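Report on the structure given below.
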Amino acid sequence: MTVATEKHNRNHNHHHTTNNGNNRNPKRKESWDSKNGKIKSDLLGSYSNGKYSYRGRRSESVMSTDSDIRFTRRKLGENERCGCALIAGFLATLLLAGAIVYIGYTYLRPDPLPNRVFRARFRVTRGDSWQPELADQNSLRFQHHARDYRERINLVLRRSDLREVYEGCEILALDGIDDRDDLTVHFILHFDPYRGLVSAADLHAIFTEEFESKRPRYFANLSIDPGSLDFKEMMGGFDDLLGTSSSPLGRKDDVDNSSITEKPPPRKCEPVRLHYCRNIGYNFTTYPNFLGHASFEEVEQNVIAFRELVDAECFRQAFDFVCRLLQPPCEQRDPLEPQPGHVCRSYCQDFMNGCGNRMPKKFRKYFNCERFPESSGSLTCRNRPDCVAELQGNALSSRLCDGIADCPDLSDETTCSFCPENSLYCGRGRACISRKSRCDGKADCPDGSDEMDCLSIAPLVSFVADPLPLTPHRNKFYSEGFAIFSEKGLTGKLCAEGLDSEKDASVRNTVAESLCKALGYQRLLHAEVRTDNEPNITYVRVFNPRAPEISFVRTNCRKKLALYVMCDNLECGVQSLFSGSRTMSLPKMSAPGDWPWHVALYRSDIHVCDGTLVADEWVLTTEGCFQGQSKATWMAVFGSVRLTSSPPWMQRRRIIGMVKSPVEGSTAALVRLESPVEYSDFVRPACLPDEVHKNRPITTVRSAGTRNRPQAEKLENSLANLDILTLSQRKIKVNRDYFSSPGNDVTAEEDTYPRALHEEFDQEEDIPKAESLNSQAFSKKYPLPNNSPQTQEYEERSAAFKDSQYSSLTNPSIAMVHYANVAAAEAANSRQPPHQWTNCNTLGWARQRDHLQRVQLKIGNMEACENVSIATVNSMCTETAYHKQDCMEEEFAGSPVLCLLPDNKRWALVGMASWRIACAMSGTERPRMYDKISSNAAWIRDIINAT
């Protein structure tokens with residue numbers, strides 16, 4: 001019933017709607033609203049039917065017929081149509097521009113610059129070795145080693161010309177072989193390609209300069225083989241890292257040799273072809289030269305610019321200097337690779353002072369005088385020539401032929417009437433001998449120097465005989481090398497045939513030990529037989545090795561086996577040119593070699609202080625030299641007895657830092673040299689005063705091959721001590737406030753030796769008295785300085801101090817107590833009364849002739865000095881040894897008081913002048929007061945041995 005009714009209603013509604021559509025009034029009398037309401041009512045009514053209601057259901061009649069609804073379309077005006085056109089055009093332009101950019105970026109853009117990544121490696125030959133733990137890159141040992149090498153490499157490149165483009169470094173592997181004491185480091189370097197260009201040759205040059213330096217800045221405690229340096233640019237990804245191996249087998253990298261960075265070709269000697277420099281004085285040169293020219297053709301292209309520089313007459317020796325850079329002399333020492341002869345740094349500085357402003361810009365970087373070495377003895381570098389003419393021009397003609405060398409080439413003495421041509425100058429006095437008289441068994445020189453050191457040690461014979469020596473003295477002490485003999489002008493090696501077997505080891509060691517003792521070394525480290533590769537060598541052999549006296553005879557030495565010797569601990573305080581019997585009769589006017597440890601200190605080329613050499617890179621002076629001074633260049637000059645002379649054995653070193661003494665009442669200070677001096681007969685260290693009671697060794701020679709080398713028989717037991725010495729290097733703090741140098745004016749993070757141990761105590765009355773430091777109740781009776789640890793913590797820290805030998809280097813207040821206790825303990829252990837020094841001298845400079853002189857002193861009681869000067873607990877009082885006017889010179893601050901040790905062979909540094917002491921008028925002399933050095937001896941040894 002319900003379904004039929006619903007169907008009927010649907011049909012009825014459809015029929016009704018159709019009729020209304022056919023009978024429409026064309027005039028449309030009904031309004032839009034009435035029709036709309038009717039349609040709405042019809043639609044609503046069709047969905048209601050009694051019980052059911054269907055909302056939202058649309059009638060079919062509405063969808064199938066035209067309605068009276070009409071839409072009126074309004075036409076756009078001219079302005080609207082113009083705006084629409086503009087908008088459409090703008091959108092089309094944007095679409096077109098986007099399409100062009102997309103096509104250009106996708107198909108036309110250039111390829112991006114590839115990342116500049118270089119793979120490299122080098123081999124550490126000494127200072128580090130491979131261990132099995134390094135094969136695991138996750139181990140702590142590998143991570144520590146990798147971090148250390150990464151930081152060293154970063155410092156090298158961030159202090160170079162490539163610092164702007166350098167991004168970082170990664171350590172890939174640490175390689176090696178079990179039975180070899182070396183380590184190969186594999187790493188990669190990243191550079192920004194958009195900041196600059198980098199080549200493998202640039203990297204090779206930077207690292208080679210660091211590794212070949214005599215004093216490396218960032219690899220100081222390691223020896224690197226420069227020939228092991230390999231750089232290869234990685235093209236693309238890391239596929240070519242397959243050759244890197246971190247296994248302990250140490251297999252070679254699978255690297256194509258053609259792709260490795262080309263190394264510079266080996267040097268060779270070739271004739272001087274530059275016509276402009278044909279009269280330079282030698283016939284052979286080598287390339288590349290010091291101005292960046294790799295061949296003669298490159299030199300010819302730029303020679304005009306340097307000829308104009310010489311013609312400007314800005315420097316008298318400009319021709320010699322420029323030609324030695326364009327055509328450096330070739331120094332050939334077989335079997336070593338030839339090397340160019342250097343000019344001395346002082347010679348370069350003199351040239352730049354005159355011609356620096358005329359230098360072409362493109363060559364200025366090659367005239368950086370820091371590239372050239374300081375003079376380290378006879379003929380080590382080219383000094384300024386024409387010395388005799390300069391002496392005459394400075395009204396110093398009286399120095400010619402006076403028996404004291406003033407010129408680097410000895411031209412002021414060898415051109416005199418007493419010196420025939422091609423003869424050997426004796427070095428002291430007005431005497432020359434024939435070269436064949438050297439070691440002929442007869443003393444020909446007044447001091448017998450021609451018969452001294454007929455047996456010596458050197459790496460090669462050419463180091464001793466080429467170029468021809470100017471004097472019979474040793475210009476450099478070698479602590480290891482082949483045994484070298486000299487006889488009647490000939491030089492050769494000691495043949496070891498017959499001494500190479502194990503049963504002859506004792507004889508071999510006896511001969512080597514005798515040689516070390518004769519050369520002034522205290523002990524023999526090692527002796528062995530090596531094959532000699534040096535050509536054209538004369539040999540001698542021991543005639544009877546078991547005889548009481550060793551004698552030598554000539555031999556052919558067919559197997560070329562030579563004796564190689566390593567010595568250690570050069571004796572201090574020895575005057576090489578005197579025997580013990582002659583030290584008591586030294587002249588008042590000093591001769592070369594009389595006081596080989598005396599040092600003249602210059603500030604900006606002005607002599608202001610003196611000092612004493614106590615180790616190869618440490619000079620002891622007074623801190624008063626530097627107080628109140630602005631930053632300047634300080635130089636230490638060794639081996640000269642005249643302030644205005646330059647003998648061939650003179651050495652110059654820049655001062656880079658200072659460490660003040662922590663001992664109460666002392667003004668002593670140790671100044672550090674830029675590079676170690678070369679010991680010779682004219683330059684060697686003085687002893688410390690505690691040598692009287694004991695022989696506590698100082699490491700006086702630390703060459704690259706013998707640094708911290710233990711004795712051969714105690715090698716295994718001494719290895720543990722090496723880490724202590726290496727660690728202690730980090731504890732030394734050097735004050736650089738007063739010293740200016742190219743390597744010193746850097747940021748704090750680059751400072752190898754940080755700010756030094758130079759804090760001052762706030763109040764004078766708070767300083768503990770030296771007499772009370774030995775008391776056990778010290779901490780209760782005497783307050784500690786304000787910058788020290790708390791008083792209640794003193795005993796705890798003092799106990800910890802005893803466990804570390806070098807901990808005193810880091811805290812001045814505790815260091816003061818420590819070194820006072822050390823001195824007291826040593827005095828108690830010795831069980832001897834204080835030594836009475838009897839034969840003492842001080843040194844000063846003559847007021848008119850600037851010549852080094854000595855004054856004999858005797859040490860007296862302090863009462864005589866307390867009335868005329870302010871004494872401290874560390875002072876000592878002296879007066880002249882004879883009751884007559886003996887003061888003809890002026891003592892500078894830092895001048896030493898030197899006393900003869902009981903063995904009558906060695907001199908000890910007992911005192912030091914704290915201020916400048918001038919001569920008084922006759923009859924008004926007063927006692928002289930100096931600082932004691934004995935209280936500083938333990939501190940001095942700790943500083944020296946820690947470095």
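In this model, which of Lys436/Lys476; Lys488/Lys588; Lys858/Lys905; Lys362/Lys476 are farther than 27 Å apart at the alpha-carbon? Lys488/Lys588; Lys362/Lys476, as the Cα separations exceed 27 Å there. Can you give the FRET efficiency to the nearest 0.05 for Ser228 and Ala465, using r as the Cβ-Cβ distance and R₀ = 30 Å? Computed FRET efficiency for Ser228 and Ala465: 0.40. Label sites at Lys517 and Asp181, each approximated as a point 7 angstrom past Cα along Cα to Cβ, lie 2.7 nm apart. If you sort Tyr425, Tyr287 by accessible surface, 1.4 Å probe, largest first, the order is Tyr287, Tyr425. Taking label points 7 Å from Cα along the Cα-to-Cβ direction, Thr538 and Gln137 give a separation of 6.0 nm.
Determine the gain in length on full extension of the stretch Lys362-Arg147; use 0.36 nm per residue of separation and subtract their C-alpha separation, reporting nm with one decimal. All intermediate terms of the calculation are to be shown ahead of the outcome.
On the way: separation 215, 0.36 × 215 = 77.40 nm, distance 3.85 nm.
Full extension from Lys362 to Arg147 adds 73.5 nm.
Take the Cα of Tyr282, step 7 Å toward its Cβ, do the same at Thr644, and the gap between the two points is 3.1 nm. A full extension of the chain between Ala305 and Ser398 corresponds to an added length of 29.5 nm, given 0.36 nm per residue minus the alpha carbon distance. Please work out the FRET efficiency for the pair Asn904 and Arg158, using the Cβ-Cβ distance as r and a Förster radius of 56 Å; give the result to the nearest 0.05. Given R0 = 56 Å and the Cβ-Cβ separation, E is 0.50.
Assuming R0 = 51 Å, can you tell me the calculated FRET efficiency for the pair Leu490 and Glu890, based on Cβ-Cβ distance, to the nearest 0.05? Intermediate results must be reported in sequence, preceding the final value.
On the way: r = 47 Å, r/R0 = 0.93.
In this case the efficiency is close to 0.60.
Within segment 631-672, list the residues whose amide N lies under 15 Å from a label point set 7 Å along Cα→Cβ of Asn353. Answer for segment 631-672: 633-635, 644-646. Taking 0.36 nm per residue of separation and subtracting the Cα-Cα distance, full extension of the segment from Ser506 to Phe578 would add 22.8 nm. Scoring 126-133, 642-649 by mean Cβ neighbours within 10 Å over their residues and listing the highest first yields 642-649, 126-133.
Counting other C-beta atoms within 10 Å, and keeping those with at most 10, which DSSP coil GluC sites (Glu not before Pro) do you find in segment 504-549? Kindly include the intermediate steps, with their values, before the conclusion.
Details: sites: Glu513, Glu528, Glu549; in loops: Glu549.
Sparse-neighbourhood loop GluC sites (Glu not before Pro): Glu549.
The values are calculated or read from the model by the stated rules, or taken from the named source; none is laboratory data. No experiment lies behind these values; they were computed from the predicted model shown. Cβ atoms come from the backbone with ideal geometry, glycine included; neighbour counts cover every protein chain shown. Each accessible area value is taken on the protein alone, full model and side chains, heavy atoms only, with ligands, DNA and RNA left out. Shrake-Rupley method; radii C 1.70, N 1.55, O 1.52, S 1.80 Å.
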